[in-house]
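Taken together, the values in this text are just the output of simple stated rules run on the coordinates, not laboratory data. Everything quoted here is computed from the prediction, not taken from an experiment. Neighbour counts run over all protein chains shown; Cβ positions are idealised from the backbone, glycine included.
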Amino acid sequence: MKPPCEIVVKEILPSIRRELVLELHKRGYNQVTIANLLGLTKSAVNQYIKNIRGIKYKGNFKNSIKQMADQIEKRDKKDQLINSFCNLCSNLKRCKK
């Protein structure tokens, strides 16, 4: 049995980060900028782009990722982005049960 927090840390968060990195990269952001925007290292961003880090999550949450990328581009307040991140994480965690 895996506790929910372990599932979140090992599966859900890396999946969300991976998809968000890929979306921002698709929109033309370079790795350094993505790393700065998301508080990641450049090497982590590089690994997400090369599919070395993060797993492809089975659920469909592309719309949520696009909305989060829009929030980043609009320079929304960090609280709003964190709220979106947490909502998506909660929804994915619920689906994982």
Once Lys and Arg are counted +1 and Asp and Glu -1 for all other residues with Cβ under 14 Å from that of Arg53, the total becomes +4
Taking alpha-carbon centroids only, the stretch 75-95 lies from the stretch 17-40 a number of Å equal to 17
In the list (1) 31, 14, 9; (2) 21, 16, 11; (3) 25, 14, 13, the entry giving semi-axes √(5λ) of the Cα gyration tensor in Å computed from the coordinates is (2)
Scoring the chain by relative contact order with C-alpha pairs under 8 Å, at least six apart, yields a percentage of 35
For Arg53, other-chain or 5+-apart residues with amide H closer than 5 Å (H placed, Pro excluded) are Tyr48
XL table Lys10/Lys93; Lys42/Lys78; Lys26/Lys77; Lys26/Lys50; Cα-Cα > 18 Å flagged, in table order, is Lys42/Lys78; Lys26/Lys77
The size of the Cβ-based charge dipole (Lys, Arg +1; Asp, Glu -1) of the chain about the Cα centre, to the nearest 20 debye, is 280
